[in-house]
Amino acid sequence: MSKIFTSRGIAALTRSLTTKSFTAHEIVNTLQKKFEQNLISEPLLSAEFIVAHACGEKTYHRVDPDRSLSPEAVKGIRHMQERRLHSEPVQYIVGDWDFMHLTLLMRPPVFIPRPETEELVNLILSKPGAESSRKFVEVGCGSGAISLSLLTLLPQAARYCTYITSLKNM
């Protein structure tokens, strides 16, 4: 059975992170283990995105694994780790997410675009005559990823997007 990472454990890790210099690689490994212990989905990817974001990069592949992290970066990682340990999606934690050729702002309650959404956009673009299409309708646009992608790639198209945030007044 996995050990739940308690507030006391988070505080101990926080103290150790702020009193000792750690490399990006060491912090990724530490976060991955903590996320695994707490059954957080995609523990390695979550750790890598958090460390990359704290280092000012989009992906961990752009971070030197031997880089020592600044106290400001460690403080940010500590805060992001706590949010992730409460199962908050990493996309909300880092505040944006790449979708095709766009970077979209992500905050609750907007749905996070999935890889299947990119496949849908590519399917639409692959249809004969897509370049000459004049109108697109997206019902329940959420983050707007589909319409924004299509409009960027097909700037001559008209768009209609709808999104209802509340049914209270209906």
Residues of region 49-77 being in a loop (DSSP other than H, G, I, E, B) and under 20 Å from the mean Cα position of the chain (by Cα), in sequence order, are 55, 56, 57, 58, 59, 63
Can you name the number of the only condition in (1) closer than 15 Å to residue 89 by Cα; (2) surrounded by 14 or more Cβ atoms within 10 Å (Cβ to Cβ); (3) not polar (S, T, N, Q) that residue 24 fails?
-> (1)
What is the one condition in (1) assigned to a loop (DSSP other than H, G, I, E, B); (2) loosely packed, with under 14 Cβ neighbours inside 10 Å that residue 103 does not satisfy?
-> (1)
Selection from region 81-101 of residues out of contact with any Asp or Glu (no Cβ under 9 Å at 6 or more places or on another chain) and not charged (D, E, K, R) yields 81, 85, 86, 87, 89, 91, 92, 93, 94, 95, 97, 101
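Could we say that residue 16 is part of a loop (DSSP other than H, G, I, E, B), at pLDDT below 95 and assigned by TED's automatic domain parsing to the domain that holds residue 87 here?
Against the criterion (part of a loop (DSSP other than H, G, I, E, B), at pLDDT below 95 and assigned by TED's automatic domain parsing to the domain that holds residue 87), residue 16 does not qualify.
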Please verify whether region 88-99 includes one or more residues that are part of a strand (DSSP E or B) and out of contact with any strand residue (DSSP E or B) (no Cβ under 9 Å at 6 or more places or on another chain).
-> yes
Out of all the residues in region 59-82, which are surrounded by 16 or more Cβ atoms within 10 Å (Cβ to Cβ) and of a type in the set (Lys, Arg)?
-> 78
Expected output for region 145-164 (first residue under 19 Å from residue 96 (Cβ atoms) and of a type in the set (A, V, I, L, M), partner exposed (fewer than 11 other Cβ atoms within 10 Å of the Cβ) and at pLDDT 85 or above, Cβ below 6 Å, 6+ apart or cross-chain) is none
From the residues in region 83-100 that are in contact with a Ser or Thr (Cβ under 6 Å, 6 or more places away or on another chain) and farther than 14 Å from residue 40 by Cβ, which one is surrounded by the fewest Cβ atoms within 10 Å (Cβ to Cβ)?
-> 96
Within region 135-145, identify whether any single residue is on the phi < 0 side of the Ramachandran plot, buried (at least 16 other Cβ atoms within 10 Å of the Cβ) and small (Gly, Ala, Ser), and answer yes or no.
-> yes
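The values are calculated or read from the model by the stated rules, or taken from the named source; none is laboratory data. In this text, all values refer to a predicted model and were calculated from it rather than measured experimentally. Neighbour counts are summed over all protein chains in view; Cβ atoms, including those assigned to glycine, are modelled from backbone coordinates with ideal geometry.
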